[in-house]
1. Once the Cβ-Cβ distance between residue 63 and residue 112 is put in as r, and R0 is 41 Å, what FRET efficiency do you end up with, to the nearest 0.05?
2. Translational D (Stokes-Einstein, µm²/s) of region 56-149 at 37 °C and 0.692 mPa s when Rh comes from the Kirkwood sum over C-alpha pairs?
3. Determine, for 42, 58, the number of other Cβ atoms within 10 Å of each Cβ, and report the residues in order from fewest to most.
């Protein structure tokens, strides 16, 4: 139990340090920032953290200064299904115009999900990629900053 508590405290300190570094680095400016968020879990904390991270970064840098892709695979795909409890929040993110989704085709095949029948809205279906992990690698190779909420 003490080990778990120590791990949680260490993770919270790391997140606080990261957020502090972002604030100290300044914002806005002419640079276009590129952020990829990794989502492979469905627990409420991970989902909310991912959505909130995307919204907060967009507010901080302004919509025109940041591109964000949320790459979902494994259990993370559950939030992109039509019956997702966060469907409205995801539509709101997408409506900002700078947030897209990378949806793992390997996971879809394993879960026997069809695009039109089970994934919500066209903005999700447009983001299907062959492999979520490969998409994360490719975006990082292109200079995107990787965050695992």
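Where a number appears in this text, it was derived from the coordinates with a stated rule and is not lab data. Treat the numbers as computed from the prediction; the structure is a model and nothing was measured. Because the Cβ atoms are built from the backbone with ideal geometry, glycine has one as well, and the counts that use them run over all protein chains shown.
1. 0.70
2. Reported coefficient: 239 µm²/s.
3. Ordered by Cβ neighbours within 10 Å, fewest first: 42, 58.
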